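The values are calculated or read from the model by the stated rules, or taken from the named source; none is laboratory data. Being a predicted model, the structure only gives us computed values, none of them experimental. Counting neighbours? That spans all protein chains shown, and the Cβs are built from the backbone with ideal geometry, glycine included.
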Protein chains: 2
Amino acid sequence: MGWLGYACCFWRSALLRAGRAGLRVGPRTASSGPRDASELKGELDRFGGVSVHLARQPALHGLDATAFRRLLQAAIQQWQFEGRVAAWLHVPILQSHLIASAASLGFRFHHAESDSSTLTLWLGEGASRLPGYATHQVGVAGAVFDDSTRKVLVVQDRNKLKNMWKFPGALSEPGEDIGDTAVREVFEETGVKSEFRSLLSIRQQHQSPGAFGKSDMYLICRLQPCSFTINFCQQECLKCEWMDLEKLARTENTTPITRRVAGLLLYGHREGFDKIDLSMEELPAVYTGLFYKLYHRELPESYRATTGTD
Amino acid sequence: MGWLGYACCFWRSALLRAGRAGLRVGPRTASSGPRDASELKGELDRFGGVSVHLARQPALHGLDATAFRRLLQAAIQQWQFEGRVAAWLHVPILQSHLIASAASLGFRFHHAESDSSTLTLWLGEGASRLPGYATHQVGVAGAVFDDSTRKVLVVQDRNKLKNMWKFPGALSEPGEDIGDTAVREVFEETGVKSEFRSLLSIRQQHQSPGAFGKSDMYLICRLQPCSFTINFCQQECLKCEWMDLEKLARTENTTPITRRVAGLLLYGHREGFDKIDLSMEELPAVYTGLFYKLYHRELPESYRATTGTD
């Protein structure tokens, strides 16, 4: 069960509780008086959890790790009393001296990036149902194919043990669409300009080397060349050329995926690219107003009308 | 430029340097004597970087944050002198009091998980060319379609504002294959057993709600039912039923992606699933001995022979 499951299980119980208002928690007796600045200020989320941003806590001013531990311990007891299922702690990097105190009370890292980290503690019953963090890096390669000459753009990396012909490509930047990565990387590596046409294949690999223990999703796109002059990156590539597609499909000197995609392109070249392409469409998300890109086999006109997608 | 670019740019220069052996760095004079336990022990990587695991540092025993800062500062000077392009600091959660010292010298979080964090400092020229961490969460839904009755398994989430019919699914667990997520989630949500048949569509969305600022890759698989009795999770689902596919393709009460995939399934049901499927094959990776799963349009027999993939 992932995030959705987590969301569903706690939505209702959260709504039955104290609403969305801020909640102060801290060391206080049963007959608690007015809340003061010595308390941690937590914010409820709609899943029954509570979030504390250490950057926004007046109570922490000048506090050492031991005093913070007492404050946090009291807060945890209060959250448990109130039936919270999870606590989230957002820690600016310069307040990291407080992390070990939180860890001694059971908090663990959920994620960290740049100048802050986020820790979590599960307070609900059974095993934690908190959603995990990103699990995949995304790499994209571009197969730039010129239908008129039957040639495809391939490179040999400079620094691999075996010099295999492959399509130029690398990791996506954060927030970058698949097709944009392919076009950008092809240009940076080879100097050739191109346009996105379709998605051809997807590879999923776990514990990928260089992915810091995470999984890798590697996608190959079909691109249409807009220029043909090669001016390749000498640091990255040993060779770069426009190679006859059938030669690439038959050479031993390539990776299994490159050869497989060469076979797909050959099929598309002879029988029509609609046989191999996943076409792309941009659509609005239902709730958020954001847009996403959807890839699948092209539907014939008659079925588009059926499903109201044209 | 991503990890691959990083790898390529520094591979050669790294090979020209001191090799793979461990390297001790620390405060020392120009006429340095024997190295001692007051130094940080770094390990070179093949990209010209140096990694320090704080858990393996005898020099840190009993050291406070200020003394650690002096030690690290001297080490950074030494690494710069030796031409290292990057430093990596691996910090056990209980040593997190040292993080702020590292941050004051320019280190930032690269990532953190469970009981440790990793910080980086770029020492090379220009902007950092260090590879990022995982950028995507992966969600999977299963479209369980019974060709003989033309019915497809759909659910309504209990807790959404609008009760839309959709395919059961949720986030992948770390290291889980796409098809396994689909089969597992369908069973957990509906009680129906199924088998993976193909990949139908891929959606990429950035800044996805609930993804902690990261991107979301959402894949829909076609599954073959192995059982038909519905026993759905009351916490997660409001309704669950086998719905006529054409009804799903025409209803207003569904998401755009569900309707789109219903159209695809209708097309496959009438014209053959080879028209809509991306088939899956497991293949060995070239260098690592690991296996990966590759998805693309099925190649006709004649093209498989051409490209030696059968």
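A single entry from B:ALA127, B:ALA87 fulfils the requirement of being away from chain A (no Cβ under 11 Å) and surrounded by fewer than 21 Cβ atoms within 10 Å (Cβ to Cβ): B:ALA127. Filtering region B:75-91 to residues that are part of a helix (DSSP H, G or I) and either in contact with a Cys (Cβ under 9 Å, 6 or more places away or on another chain) or more than 20 Å from A:ASP115 (Cβ to Cβ) (or both) leaves B:ALA75, B:GLN77, B:GLN78, B:TRP79, B:GLN80, B:PHE81.
Restricting A:ARG197, A:ARG203 to residues that are modelled with pLDDT of 95 or more, outside any loop (DSSP other than H, G, I, E, B) and within 8 Å of chain B (Cβ to nearest Cβ) narrows the list to A:ARG203. Candidates A:LEU266, A:LEU223: the one that is touching a residue at least 40 places away in the same chain (Cβ under 8 Å), of a type outside the set (Lys, Arg) and buried (at least 22 other Cβ atoms within 10 Å of the Cβ) is A:LEU223.
If I filter region B:163-184 down to residues being farther than 17 Å from B:ILE202 by Cβ and in contact (Cβ under 8 Å) with a residue 24 or more places away in the chain, which single residue comes out as surrounded by the fewest Cβ atoms within 10 Å (Cβ to Cβ)? By that ranking, first place goes to B:ASN163.
Tell me whether region B:180-193 contains one or more residues that are among the aliphatic types (A, V, I, L, M) and assigned to a strand (DSSP E or B). No, there is no match, as no residue in region B:180-193 is among the aliphatic types (A, V, I, L, M) and assigned to a strand (DSSP E or B).
Residues considered: B:LEU123, B:LEU130, B:LEU119, B:LEU89. Of these, the only one that is more than 30 Å from B:PHE228 (Cβ to Cβ), of a type in the set (A, V, I, L, M) and modelled with pLDDT under 95 is B:LEU130. Looking across B:SER279, B:SER201, one residue alone is under 30 Å from A:THR258 (Cβ atoms) and crowded, with 16+ Cβ neighbours inside 10 Å. It is B:SER201. If you check B:ALA74, B:ALA59 for being aliphatic (A, V, I, L, M), away from every other protein chain (no Cβ under 14 Å), in contact with a strand residue (DSSP E or B) (Cβ under 7 Å, 6 or more places away or on another chain) and surrounded by fewer than 20 Cβ atoms within 10 Å (Cβ to Cβ), only one passes: B:ALA59. Of B:LEU72, B:LEU94, B:LEU63, all but one fail to be more than 15 Å from B:LEU121 (Cα to Cα) and part of a helix (DSSP H, G or I); the exception is B:LEU94.
Matching residues to (1) modelled with pLDDT under 50; (2) among the aromatic types (Phe, Trp, Tyr); (3) closer than 30 Å to B:GLU173 by Cα:
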position: A:ALA7; (1), (2), (3): yes, no, yes
position: A:SER13; (1), (2), (3): yes, no, yes
position: A:ASP45; (1), (2), (3): no, no, yes
position: A:GLY49; (1), (2), (3): no, no, yes
position: A:ALA65; (1), (2), (3): no, no, no
position: A:LEU71; (1), (2), (3): no, no, no
position: A:GLN77; (1), (2), (3): no, no, no
position: A:VAL85; (1), (2), (3): no, no, yes
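Looking only at region B:246-294, filter to residues that are basic (Lys, Arg) and in a helix (DSSP H, G or I); which one of those is farthest from the other protein chains (Cβ to nearest Cβ)? Looking at the filtered set, the residue picked out is B:LYS247.
Take the conditions (1) facing chain B (nearest Cβ under 7 Å); (2) not in a helix (DSSP H, G or I); A:GLU298 misses just one of them, which is (1).
Would you check if A:TRP3 is touching a strand residue (DSSP E or B) at 6+ places or on another chain (Cβ under 6 Å) and modelled with pLDDT under 50? Yes, satisfied. Residues of region A:233-245 that are surrounded by 16 or more Cβ atoms within 10 Å (Cβ to Cβ) and facing another protein chain (nearest Cβ under 10 Å): A:CYS233, A:GLU236, A:CYS237. Going by the structure shown, is B:ALA141 aliphatic (A, V, I, L, M), in a strand (DSSP E or B) and facing chain A (nearest Cβ under 7 Å)? So B:ALA141 fails the test. How about region B:72-114: which of its residues are aliphatic (A, V, I, L, M), more than 19 Å from B:ALA59 (Cβ to Cβ) and free of Cβ contacts under 8 Å to residues at least 40 places away in the same chain? Those that are aliphatic (A, V, I, L, M), more than 19 Å from B:ALA59 (Cβ to Cβ) and free of Cβ contacts under 8 Å to residues at least 40 places away in the same chain: B:ILE93, B:ALA103, B:ALA112.
Could you check A:PHE228 against (1) among the aromatic types (Phe, Trp, Tyr); (2) buried (at least 18 other Cβ atoms within 10 Å of the Cβ); (3) more than 13 Å from chain B (Cβ to nearest Cβ) and say which number it fails? Every listed condition holds for A:PHE228 apart from (2).
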